[in-house]
1. Report yes if Lys53 is open to solvent by 70 Å² or more (accessible area, probe 1.4 Å) and modelled with pLDDT of 80 or more, otherwise no.
2. When you check Leu148 against the structure, is it surrounded by fewer than 16 Cβ atoms within 10 Å (Cβ to Cβ) and part of a helix (DSSP H, G or I), yes or no?
3. Which residue pairs have Cβ atoms closer than 7 Å, lie 6 or more positions apart in sequence or on different chains, and pair a first residue in the stretch 129-146 that is modelled with pLDDT under 95 with a second residue that is surrounded by fewer than 16 Cβ atoms within 10 Å (Cβ to Cβ) and not in a helix (DSSP H, G or I)?
4. Touching a residue at least 12 places away in the same chain (Cβ under 8 Å) and either open to solvent by 70 Å² or more (accessible area, probe 1.4 Å) or part of a helix (DSSP H, G or I) (or both): which single residue out of Ile86, Ile94 fits that description?
5. Can you tell me which residue is least open to solvent (accessible area, probe 1.4 Å) among those in the stretch 166-191 that are among the aliphatic types (A, V, I, L, M) and within 30 Å of Ala59 (Cβ to Cβ)?
6. Of (1) more than 23 Å from Ala59 (Cα to Cα); (2) in contact (Cβ under 8 Å) with a residue 60 or more places away in the chain; (3) surrounded by 14 or more Cβ atoms within 10 Å (Cβ to Cβ), Pro159 satisfies all except one. Which?
Amino acid sequence: MDYEKIITSVLPALITAFVSTIAMITSYKASKNAQKQSYNNNVDSMRFTQKEKVADQIAEKAAILLTKCDPNVLNTVINEIVPRPISHEENGKIRRYLLGIADEIQTYSNVIKMLSYSIFDSEEMLRKLEKVWNEMDAVDNKCSEMLLKLAEIYTAMTPEGNIKGMNIMEEKLKLERSFSEEYRELYCQLHESISDLVWYIRQQSIPNDKNRTKKK
């Protein structure tokens, strides 16, 4: 048998088959890599979109919270005190109104905490979140203290409440002064920290090559 002729005739087909196999393998790997990259890009896009939505929700809830606990708004509530006898029924309505303010402030604070925690993904993010959470707690506590003191002053104007002999105007001015001095700084810090947090989250919601490279 002329092996040389056989090899010569078969070799081109073998080479073609080999090259075709390599091409198929290369094409398959390229396709898988493209699918993986497409999946990673879609996941990134969803993650970034989620952050942008959360930033918008936090900004919306924070705007309401900061309005509810605005120093000028709360000082107006203090200024509404007028020394006069009030009934237990009226006192009850006033107390519910005051506690309602405290509940709203706490509710919006909790909503912002839940929203912001849902996009925690780094140590830097956690530091910013904790700063906002702690400052919201400080504002919430100071507001609650003021509103409870206010409720106590109103109670002192009921028939049995005046047994304590509280000087209503003196207590009102004392509360107004102490609240204004201590609270305004806490409020301004919270306002600044929330603005910084929303800006930071929105920056994180913008996909970039660096973020995509980390995912590969």
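1. yes
2. yes
3. Leu129/Phe120
4. Ile94
5. Residues of the stretch 166-191 that are among the aliphatic types (A, V, I, L, M), as a first pass: 166, 168-169, 173, 175, 186, 190.
Filter again for within 30 Å of Ala59 (Cβ to Cβ), leaving 186, 190.
Working: Leu186: 45, Leu190: 1 Å².
This residue is Leu190.
6. Only one criterion in (1) more than 23 Å from Ala59 (Cα to Cα); (2) in contact (Cβ under 8 Å) with a residue 60 or more places away in the chain; (3) surrounded by 14 or more Cβ atoms within 10 Å (Cβ to Cβ) is unmet by Pro159, namely (3).
Matching residues to (1) more than 10 Å from the chain's Cα centre (by Cα); (2) part of a helix (DSSP H, G or I); (3) surrounded by 14 or more Cβ atoms within 10 Å (Cβ to Cβ):
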position: Thr67; (1), (2), (3): yes, yes, no
position: Ile81; (1), (2), (3): yes, no, yes
position: Ala102; (1), (2), (3): yes, yes, yes
position: Lys113; (1), (2), (3): no, yes, yes
position: Trp133; (1), (2), (3): no, yes, yes
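The values are calculated or read from the model by the stated rules, or taken from the named source; none is laboratory data. Remember, predicted model here, so these are calculated numbers, not experimental data. So basically every Cβ, Gly included, is an ideal-geometry build from the backbone, and we count neighbours across all protein chains shown. These accessible areas exclude ligands, DNA and RNA; they are computed on the full protein's heavy atoms, side chains included. Shrake-Rupley method; radii C 1.70, N 1.55, O 1.52, S 1.80 Å.
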